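K.L.:
Sharing a structure here in structure tokens format.
What follows draws every value from the coordinates through simple rules; no lab data is involved. Keep in mind that this is a model prediction, so the values were computed, not measured. All Cβ positions, even for glycine, are placed from backbone atoms using ideal geometry, and neighbour counts span all protein chains on display.
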Number of protein chains: 4
Amino acid sequence: MNYLYEKAGGKISYRGVRFGGKKIVFIAGPCALESEEQAIAAAEIIKKASVKIFRAPIFKPRTSPYSFQGIGTKGLNILEKIADSYRLLTAVEVMDVNQIAELENMVDILWVGARNMQNYSLLKALGKTRNLVLLKNSLCSTIEEFLLSAEYILKEGNSNLLLCVRGLRSFDSVARFPLQIEWIPALKQRTKLPICTDVSHSAGDVSIVPFNAKAAIAAGTDSIMVEVHPWPEKALSDANQQLNEEQFLSMMKELRKIANAVGRCID
Amino acid sequence: MNYLYEKAGGKISYRGVRFGGKKIVFIAGPCALESEEQAIAAAEIIKKASVKIFRAPIFKPRTSPYSFQGIGTKGLNILEKIADSYRLLTAVEVMDVNQIAELENMVDILWVGARNMQNYSLLKALGKTRNLVLLKNSLCSTIEEFLLSAEYILKEGNSNLLLCVRGLRSFDSVARFPLQIEWIPALKQRTKLPICTDVSHSAGDVSIVPFNAKAAIAAGTDSIMVEVHPWPEKALSDANQQLNEEQFLSMMKELRKIANAVGRCID
Amino acid sequence: MNYLYEKAGGKISYRGVRFGGKKIVFIAGPCALESEEQAIAAAEIIKKASVKIFRAPIFKPRTSPYSFQGIGTKGLNILEKIADSYRLLTAVEVMDVNQIAELENMVDILWVGARNMQNYSLLKALGKTRNLVLLKNSLCSTIEEFLLSAEYILKEGNSNLLLCVRGLRSFDSVARFPLQIEWIPALKQRTKLPICTDVSHSAGDVSIVPFNAKAAIAAGTDSIMVEVHPWPEKALSDANQQLNEEQFLSMMKELRKIANAVGRCID
Amino acid sequence: MNYLYEKAGGKISYRGVRFGGKKIVFIAGPCALESEEQAIAAAEIIKKASVKIFRAPIFKPRTSPYSFQGIGTKGLNILEKIADSYRLLTAVEVMDVNQIAELENMVDILWVGARNMQNYSLLKALGKTRNLVLLKNSLCSTIEEFLLSAEYILKEGNSNLLLCVRGLRSFDSVARFPLQIEWIPALKQRTKLPICTDVSHSAGDVSIVPFNAKAAIAAGTDSIMVEVHPWPEKALSDANQQLNEEQFLSMMKELRKIANAVGRCID
């Protein structure tokens, strides 16, 4: 059988940002949008590193119903302001078919988190939008299952698609969800869709994040998603894995060198 | 923190079927509803073993978008006929919030499959129905994550809830998704919600299914979900793991003995 | 290729104990032999349940070099006394080729623990003894790797061999090393060698041990290895998983019923 | 408790090769020593990249007793010739305490493979030699278990020790034993012992090997072990994962760039 994922991709351009080319594209920002003040401070930080895409989810899938569930739709105006003021593309997680209508025109990139990689109704609905979709692998996905989930989106007509490697569940407790580094070259052998790597959720700890980022670039990732918070110690979620300004800018400096070493560059 | 799952449960009665009591409740039927003829033939088989709940999904979440996706809503009339003619409760998988409206009044039990264990929108919406909900664990869930997903349903007000142990992903290739047998006693230590065990998806092969069923009863399960098909070799999905009439009736005979040995019984 | 493990086995008789027949054979005793007083007290307990094989390792493989490493060869005289006084067969773990010479004539059953399943020098050397050998699976073994390790022993000429299912490593924290219950029927499909199940190391906790034992018997195990200690709270290793007298005798009573339900019996 | 592994290490010099310094040390050669002709051809290749350590095991632990078990002790003379003619250090796997006597004076580096990480008799015996010991993690080891196995060696007095990250078993089939990339920084947070990465066994396929090597260097490894064979298609073991001359030299060229990007160098 011939799958669409085998042909799709190559270099994707989306509102002026090109994925899969020489430049490695960063998607950075807080684990969750918490307030306008926090969003502005985070945007200021990522602009210093010339990042062009701001992640700041307003809906958060949380293991416990009693954990912070995200700021909700009132965050959309904040995202719009940030997009305008800082000339940034915006990216949020979408958890449900019914959220798409209010998100698709207000936000650029809609991502599907690990928990929803096989939420096929959601995948099909995103296949009908014009947004750039970023699909993360589930915590116990095989590479074939991951590509077939991508196929659900492609089949509906949307090939603005990034595949995001984000770690797998393991008995190994060092990383929260160890990065399956081999998927980067292995995906590139199977598809031309650009590959993103989530270095924050795979590492789970600030001290490991930069190493996952370096390894991912060395292994050929086209894009990096990373959590950056202006004051991580006060974050409402994932406090341990969000980089502060100094950590983020220091990491970016090192990553530029690795990118050059593999014939890539970072803005 | 006190969770609702710690208190909820005990013996649940739903339209004349009692879960969590001395009787072990069976939920049996084909992997997917394929046709009226198939449904009738399957219902005939399970009635011979006095089973009271008929499983026959009309929507099938499939890894590939090109695989059989289920018969869809036209199956609802077939289910209604079966329910009436054979005096069976019916059970189907629900994959999406938007399917609930058409299912909740036509079907008794709505189940959440492994892929959607953390589809929180779906869990919340099911928490607002009056249906009996059966929640299966995801393939890489911890027991705590499983119970917190149950909490999403309980928190919305629906405590007609069965927890279904269905296997975990492993490197071990013998079983498709090996049964985490220890979860049965471990769940009982943490909650009074009745426990179901899916012996078909955990085994993945007809030759292993009866052993998983025996082990589950020995370990204390309150209910068993099992796939039965009148002619498995022609099944549109999961042909290897569906029991035929002879295999099913033979297994039921053996299971009655195990049930008695642990002070339980089977109708 | 035809492997020896495909043909070997059937009913094995070893010094009056028959494995693989109608009777389920128990191997019970402390995690480690600690003193003569402890060994006698443990032997007294297991005799009450008519157990015929006493486990009491004198060499303990421990993750840390600073943990209790076993009583060593001075335990051999204690074992001999127990064997004589209580008419019990004895079983200990062997970790090294160089231990075989002093163990083979003093002890009946030599077992290979999970850590040494692929210590091929040890397997070959045991294949040259006349002892009954019990081989446990490694924590991340496939069933094929396990059978091929058994082949190393058979190939050297010793077919007094028990295969012991003892759990696999998993991300699931409920059981220490969850029992791969499907291996019991799956091994029986591949070999006639009798199957033992270690219900203590797979459970890792006293509250789970009896459930693993019931499930293992329901799934067809020929033998059970279980840790019993006269005073577990003072045990030098694995305090949480050793049953005390009351727990052990209560479990045995329940297991007799399950054994009968599957057409087996327990002395 | 204070462990020896917390203090041990730093820069280790062994017969003129320094581990843990600025230079990244390569250990390269065939999966197994097959013949003098093959060993010479392999040595010629690795010399072209200025590699100083030649791996060429003479004893091979194999899952099946019917697979090629290594050339055995007659390979020692070949290794000695290679060492002399090419001025290379030599490295072989040691599987058993009883092999140490014949290896320790003929070979420089003795390594413990995944299967023997918890063969404590072997670890203790190696702790009494003066050889450089390389310890690979077992396929389902935690980082703590790995460090405690290292402790067994250190405790006996040998601190010429390299820790080798070599992949873990996973359900993910892309890589044979996916590389746990996070262990590299995590080990460096816990010990000063130099870290090696086995990029061949973790990748399992020639097309993935160079990416694992790049990622490992980016993440901070001090050393790389890699399989190189003059004619991999004729190799007696692991044919798919051994690089040929062209693949190896091409990889080395790329690795030099990554090493420079992280402030390291390669001879």
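K.L.:
Under a 10 Å cutoff between Cα atoms, tell me which one of C:ALA49, C:ALA216, C:ALA101 has the largest fluctuation in the Gaussian network model of chain C.
P.N.:
The residue with the greatest mean-square fluctuation here is C:ALA101.
K.L.:
Further, regarding this structure: Using a Förster distance of 51 angstrom, determine the FRET efficiency expected from the C-beta separation of D:LYS7 and C:ARG130, and round it to 0.05. It would help to have the intermediate numbers written out before the result.
P.N.:
Values: r = 48 Å, r/R0 = 0.93.
According to the calculation, E is roughly 0.60.
K.L.:
Give me the inter-chain shielding for B:251-257: mean count of other chain Cβ atoms within 10 Å, whole number please.
P.N.:
Working: counts 0, 0, 0, 4, 2, 1, 7.
Averaged over the peptide's residues, the number is 2.
K.L.:
Rounded if a/c is under 1.5, else prolate if a/b is larger than b/c, else oblate: which is region C:1-94, with a ≥ b ≥ c the root eigenvalues of its Cα gyration tensor?
P.N.:
Numbers: a/c = 2.51, a/b = 1.35, b/c = 1.86.
Oblate is the answer for region C:1-94, as a/c is 1.5 or above yet b/c matches or exceeds a/b.
K.L.:
I've got another one for you. Treat the count of other C-beta atoms within 10 Å as a stand-in for reagent exposure and order D:MET95, A:MET106 from fewest to most.
P.N.:
Details: D:MET95 24, A:MET106 16.
Exposure proxy ranking, most exposed first: A:MET106, D:MET95.
K.L.:
Kirkwood Rh over alpha-carbon pairs of region C:20-266, then Stokes-Einstein at 4 °C and 1.567 mPa s: what D in µm² s⁻¹, rounded to an integer? Write down the numbers at each step before the final one.
P.N.:
Numbers: Rh = 17.8 Å.
After rounding, the answer is 73 µm²/s.
K.L.:
How much mean residue ellipticity at 222 nm does the protein assembly as shown get from its helices, if each DSSP H run of length 4 or more adds -39500 (n - 2.57) and you divide by all residues, to the nearest 500 deg cm²/dmol? Can you show the working numbers first?
P.N.:
Numbers: 40 runs with 376 residues, N = 1068.
Value at 222 nm, helices only: -10000 deg cm²/dmol.
K.L.:
Find how many whole Å separate the alpha carbon centroid of region D:125-162 from the alpha carbon centroid of region D:21-45.
P.N.:
Measuring centre to centre over Cα atoms gives 23 Å.
K.L.:
Report, in listed order, any pair from B:LYS48/C:LYS192; A:LYS47/A:LYS74; C:LYS234/C:LYS257 with a Cα-Cα distance greater than 26 Å.
P.N.:
On the way: B:LYS48/C:LYS192 35 Å; A:LYS47/A:LYS74 24 Å; C:LYS234/C:LYS257 32 Å.
Flagged as over cut-off: B:LYS48/C:LYS192; C:LYS234/C:LYS257.
K.L.:
Can you say what percent of the DSSP beta bridges in the protein assembly as shown, counting only those with both residues inside, are antiparallel? Round to 5. Intermediate values should be presented prior to the final figure.
P.N.:
Working: 12 of 132 bridges.
Just about 10 percent of them are antiparallel.
K.L.:
While we're on this one: Would you order A:VAL25, A:VAL174, D:VAL226 from fewest to most other beta-carbon atoms within 10 Å of each residue's own beta-carbon?
P.N.:
Values: A:VAL25 25, A:VAL174 22, D:VAL226 28.
Listed from fewest to most nearby Cβ atoms, that is A:VAL174, A:VAL25, D:VAL226.
K.L.:
Now, a different point. For region B:226-240, take each phi angle, set θ = phi - 60°, evaluate the Karplus expression 6.51 cos²θ - 1.76 cosθ + 1.60, and give the result in whole Hz per residue in order, putting x for glycine and proline.
P.N.:
9, 8, 10, 9, x, 8, x, 5, 9, 4, 7, 7, 6, 4, 6
K.L.:
Would you mind pulling out the separation of the Cα centroids of region B:78-93 and region D:63-107, in Å?
P.N.:
70 Å
K.L.:
Let me ask you something else. So for A:ASP267, D:ASP238, fewest C-beta neighbours within 10 Å to most, what's the order?
P.N.:
Details: A:ASP267 13, D:ASP238 18.
With the sparsest Cβ surroundings first, the list reads A:ASP267, D:ASP238.
K.L.:
Right, another one. According to the square roots a ≥ b ≥ c of the eigenvalues of the Cα gyration tensor, what is the shape class of the protein assembly as shown, taking rounded for a/c under 1.5, prolate for a/b larger than b/c otherwise, and oblate for the remainder? Please report the intermediate quantities before stating the final value.
P.N.:
On the way: a/c = 1.81, a/b = 1.02, b/c = 1.76.
Oblate.
K.L.:
Please identify every one of the trypsin sites (Lys or Arg not before Pro) in region C:118-171 that sits in a loop by DSSP and has no more than 13 other beta carbons within 10 Å of its own beta carbon. Display every interim value, and only then the final one.
P.N.:
Working: sites: C:LYS124, C:LYS128, C:ARG130, C:LYS136, C:LYS155, C:ARG166, C:ARG169; in loops: C:LYS128, C:ARG130, C:ARG166, C:ARG169.
The qualifying sites are C:LYS128, C:ARG130.
K.L.:
Using amide H atoms built 1.01 Å from N in the peptide plane, name the residues 5+ places from C:LEU243, or on other chains, whose amide H lies under 5 Å from its own.
P.N.:
Hits under the 5 Å cutoff: C:GLU227, C:VAL228, C:HIS229.
K.L.:
Right, here's the next one. For chain D, can you list the cysteines whose C-beta has no other cysteine C-beta under 4.7 Å from it?
P.N.:
D:CYS31, D:CYS265
K.L.:
Can you find, among D:TRP231, D:ILE71, D:SER200, the residue sitting farthest towards the positive end of the charge dipole of region D:20-266, where Lys and Arg contribute +1 and Asp and Glu -1 at Cβ?
P.N.:
So the residue furthest toward the plus end is D:SER200.
K.L.:
Take the Cβ-Cβ distance between D:THR73 and D:LEU249 as r, set R0 to 30 Å, and report the resulting FRET efficiency rounded to the nearest 0.05.
P.N.:
Numbers: r = 32 Å, r/R0 = 1.07.
Calculated transfer efficiency: 0.40.
K.L.:
Amide H of D:ILE109: which non-local residues (sequence gap of 5 or more, or other chain) have their own amide H closer than 5 Å, using H built in the peptide plane?
P.N.:
Amide H to amide H, under 5 Å and 5 or more residues apart or across chains, D:ILE109 pairs with D:THR90, D:ALA91, D:VAL92.
K.L.:
Enter the mean number of other protein chain beta carbons within 10 Å of the beta carbon of each residue in A:62-68, as an integer. Intermediate results must be reported in sequence, preceding the final value.
P.N.:
Values: counts 4, 11, 9, 14, 5, 1, 0.
Whole-number average of other-chain Cβ neighbours for A:62-68 is 6.
K.L.:
Just in region C:1-78: which trypsin sites (Lys or Arg not before Pro) are loop by DSSP and have at most 14 other Cβ atoms within 10 Å?
P.N.:
Values: sites: C:LYS7, C:LYS11, C:ARG15, C:ARG18, C:LYS22, C:LYS23, C:LYS47, C:LYS48, C:LYS52, C:ARG55, C:ARG62, C:LYS74; in loops: C:LYS11, C:ARG15, C:LYS22, C:LYS52, C:ARG62.
Here the sparse-neighbourhood loop sites are C:LYS11, C:ARG15, C:LYS22.
K.L.:
If you wrap a convex hull around the Cα atoms of region A:80-189, how much volume per residue is inside, in Å³?
P.N.:
On the way: hull volume 13.3 nm³, N = 110.
Hull volume normalised by residue count: 121 Å³.
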